[in-house]
Amino acid sequence: MWGDLLMKRIIILTLFIIILFSPIIAHAHGAKIEYNANMSYELLAKYDSGEPMANAQIIVYAPDDPATPWTKGAADENGRYSFVPDFSKKGMWTIQARYAGHGANINIEIGEEASLAGSTGYTWLQKLIMAASVVWGMIGTALFYTRRKN
Amino acid sequence: MHVPDGILPGSVVIAGYAVTGMAAYISLKNINKKENPREDIPKASILTAAFLVASLIHVPIPPVSVHLALNGIMGVLLGYYAFPAIIISLFFQAVLFGHGGLTTLGINSVILGLPAFISFFIYNNSKSFVKGNRFRLGLVGFVVGGLALGLSVLIFFLILVNFIPANIDVVAEKQAIYTLSIAHIPLVIIEGIFTAFLFIYLKKVQPRLMGLDEKVSN
C-alpha cells in the first residue's frame, strides 16, 4: 500500500522535473530564423544599340518629392546600379540614367502595386516592324503623290 | 544626338520649339511659293524614311555608338522640304523608338534641321564652282555632308554644356559631353565621304535630283 503510494509520488515528481526542464532541453535542439526585408533594386542602363551606359549618372527621385533627388550615384562599367529604396515611401519612384545628354527615365511602383521586374524600350523585332511600317507609309505617300491623274 | 525628355530645362525646350516653329513657317512659306508644292513630296517622303532608318543603324566608336545623320544630304536634296521632313522623322523616332522625346522635338529639330538649311545654301551657291565636274561635286558633297553633322554636334555640345542641371555631377557630365563630341569627329569624316560618293552617284544616274541638268565631265 505504502509502496504503491511512494511509487506514484516518484513518478509524479519525475514528470514534474521533466516538464519543468523541458524548454531547456527543447531549446538545445531548436533553431530560429530572423529576417530583414532589405530588398534592393538593380538597374541596368543600356543604349538602344545594346551597349551598356558605362559610368552613367543615376538620379533617383522618391514619390514624395519628384523635384529633389532622393539619392544619386553612378553606374559601373557594365551600366549596373543598385539602390535600396525607402519602402515607407510608397508610390511611383523615378530613376534617371544620364550620360552626355543621353539617357532614359523609368518609373518604378513601390508599394502594393510593386512589380518584380520591368524595363523600357523595345526588342529589335518590334523596332524592325515599326521601322518597316513607317517606311511603308512613306513609300505609300510617295506613290500617292506620283500617281497619274486621269 | 537626340536629346531625350527630362534632360534640358523647360526654358530651353520652349526656345527650341519657338525656333523650330519659325524655321518650319519659313520652310512652308517658301514651299507654297513653288509652282507645284506637291511635286517634291514623294522625294521628301522617301528621304524622311531614309533619315529614320539611318538613325537605327549604329556605328560603334568606343566608348559610345553613333549613327549617320544624313541632314546635309536632306538639305541639299530637299531644300525647303528638309526642315519639315526632319521634324516628321524626329517625331516618329521619338514616339516609336524613344530616340529623343516629344518635349525635345523642337530642340532636336534645331540641332539637325538648321545645319540642313546651311548645307542647302552652301550647295546652291557652289553650283558655279562645281560646273559638272565630278571631283568638285565630290568635294562639295564632302564639305556639306561633314559640315552639317559637324554643326549639329556643335549645337548639341553648346546646348548641353551650358544647361547641365545643378543636381547632377557637373564635372562628370561635362567630361562625358566632351568625350561624346570628340567621338563624332570620325563620323563627320565618314558622313562627308558618304555624301561625296552619293552626290557623284546621283549626278550620274539622276542629275535632276541634284538640281544639275548638265552631263558629268571627267
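Readers should treat all values here as calculations from the given coordinates under stated rules, not as data from a laboratory. Not measured: the values here are computed from a predicted model. Reconstructed Cβ throughout: ideal geometry from the backbone, glycine too, with neighbour counts over all protein chains shown.
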**Prompt:** In the neighborhood of B:Pro165, defined by Cβ-to-Cβ distances under 12 Å, what is the net charge if each Lys or Arg adds +1 and each Asp or Glu adds -1?
**Reply:** 0
**Message:** Report D for the stretch B:64-155 in µm² per second (integer): Stokes-Einstein, Kirkwood Rh on Cα pairs, 4 °C, 1.567 mPa s.
**Reply:** 95 µm²/s
**Item:** When the stretch A:41-121 is reduced to its Cα atoms, the Kirkwood hydrodynamic radius in Å
**Value:** 12.9 Å
**Request:** Only Cα pairs under 8 Å and at least 6 apart count here; give the relative contact order of the stretch B:10-210 as a rounded whole percent.
**Result:** 23 percent
**Asked** Could you give the radius of gyration (one decimal) and Dmax (whole number) of the Cα atoms in the protein assembly as shown, in Å?
**Response** 32.1, 138
**Message:** Just to confirm the filter: which chymotrypsin sites (Phe, Trp or Tyr not before Pro) across the stretch A:43-116 are DSSP coil and have at most 15 other Cβ within 10 angstrom of their Cβ?
**Reply:** A:Phe87
**Complete:** Compactness summary of the stretch B:102-210: radius of gyration and Dmax from Cα atoms, Å, are 17.0, 55
**Asked** For the stretch A:91-103, what does the Karplus curve 6.51 cos²θ - 1.76 cosθ + 1.60, with θ = phi - 60°, yield as ³J(HN,Hα) per residue in whole Hz, taken in order and with x for Gly and Pro?
**Response** x, 8, 8, 10, 10, 10, 10, 9, 8, 6, x, 9, x
**Complete:** Between A:Glu109 and residues 5 or more places away or on another chain, the pairs with built amide H atoms under 5 Å apart involve A:Trp93, A:Ser115
**Asked** Rounded to the nearest 0.05, what FRET efficiency do A:Val84 and A:Leu15 have when you use their Cβ-Cβ distance and R0 = 56 Å?
**Response** 0.60
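So if each residue of separation counts as 0.36 nm, and I subtract the Cα-Cα distance between A:Leu5 and A:Gln126, what length gain in nm does that give?
Here the answer is 34.6 nm.
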**Prompt:** Which ordering of B:Asp5, A:Asp65 is given by a fewest-first count of other beta-carbon atoms within 10 Å?
**Reply:** A:Asp65, B:Asp5
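Among A:Arg98, A:Arg147, which comes first, second and so on when ranked by fewest other beta-carbon atoms within 10 Å?
Taking fewest neighbouring Cβ atoms as first place, the list is A:Arg147, A:Arg98.
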**Asked** Karplus couplings for the stretch B:44-57 from phi (6.51 cos²θ - 1.76 cosθ + 1.60, θ = phi - 60°), rounded to Hz, Gly and Pro as x?
**Response** 5, 5, 5, 5, 5, 5, 5, 4, 5, 5, 4, 6, 8, 9
**Message:** Please compute one quarter of the surface area of the Cα convex hull for chain B and express it in square nanometres.
**Reply:** 12.1 nm²
**Message:** Report the gain in length on full extension from B:Ile168 to B:Tyr201: 0.36 nm times residue separation, minus Cα-Cα distance, nm rounded to one decimal.
**Reply:** 7.1 nm
**Asked** Measuring from centroid to centroid over Cα atoms, what is the spacing of the stretch B:5-41 and the stretch B:125-183 in Å?
**Response** 20 Å
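How would you rank A:Met39, B:Met210, A:Met92, going from fewest to most other Cβ atoms within 10 Å of each one's own Cβ?
Details: A:Met39 11, B:Met210 20, A:Met92 14.
If I rank by nearby Cβ atoms, fewest first, I get A:Met39, A:Met92, B:Met210.
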**Between the stretch B:42-121 and the stretch A:64-129, the alpha-carbon center distance in angstrom** = 28 Å
**Request:** Go through the stretch A:124-131 residue by residue and turn each phi into a ³J(HN,Hα) via Karplus (6.51, -1.76, 1.60, θ = phi - 60°); whole Hz please, and just put x for glycine and proline.
**Result:** 5, 5, 4, 5, 4, 5, 5, 5
**Asked** If the chain between A:Glu112 and A:Tyr145 were fully stretched, how many nm would it gain, using 0.36 nm times the residue separation less the Cα-Cα distance?
**Response** 6.5 nm
